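The values are calculated or read from the model by the stated rules, or taken from the named source; none is laboratory data. Keep in mind that what you see is a predicted model, and the values were worked out from it rather than measured. Using ideal geometry, Cβ is built from the backbone for each residue, glycine included, and neighbour counts are taken over all protein chains shown. Just so you know, the surface numbers come from the protein's heavy atoms only, side chains and all, with ligands and any DNA or RNA stripped out. Shrake-Rupley method; radii C 1.70, N 1.55, O 1.52, S 1.80 Å.
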Amino acid sequence: MQLRELQQFAEARGWQIVGEYVDAGVSGAKDSRPEINRLMADAHKRRFDVVAVWRFDRFARSVSHLLRALETFNALVSHLSA
């Protein structure tokens, strides 16, 4: 259900989906999750402009992990602006 609604959200905005990052069966409590790692690697490669998540707690299971990811995204955007 979450993927379908996110797909509809992107479609309604005319966004092209370049990837879906789903850690099925992996504990969200772990800092190292294969699909989150792939998402962050793709962010560094500039493969997308937007990350849409169902809820923040589906993306990061701790505030510190969320802040680290947001700082990374911000640094990547700042690097483009410089």
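Counting Lys and Arg as +1 and Asp and Glu as -1, what is the net charge of the other residues whose Cβ lies under 15 Å from the Cβ of ARG47?
Net local charge, ARG47 excluded: -1.
Roughly to the nearest percent, how much of the accessible area of the chain is carbon and sulfur, given a 1.4 Å probe?
53
Using only alpha carbon pairs under 8 Å that are at least six residues apart, calculate the relative contact order of the chain and give it in whole percent.
26
Work out how much length PHE9 to VAL22 would gain on full extension: take 0.36 nm times their residue separation and subtract the Cα-Cα distance, in nm to one decimal.
3.0 nm
Which residue, ALA43, ALA69, ALA24, has the most motion in a Gaussian network model of the chain that connects Cα atoms within less than 10 Å?
Between ALA43, ALA69, ALA24, it is ALA24 that shows the largest mean-square fluctuation.
What distance in nm separates the simple spin-label points at HIS44 and ARG58, each placed 7 Å from Cα in the Cβ direction?
Spacing of the two 7 Å Cα→Cβ label points: 2.6 nm.
Give me the mean projected area, in nm² to one decimal, of the convex hull enclosing the Cα positions of the chain.
Hull-based average projected area comes out at 5.7 nm².
Compute the signed sum of charges (Lys and Arg +1, Asp and Glu -1) over the other residues within less than 11 Å, Cβ to Cβ, of PHE59.
+1
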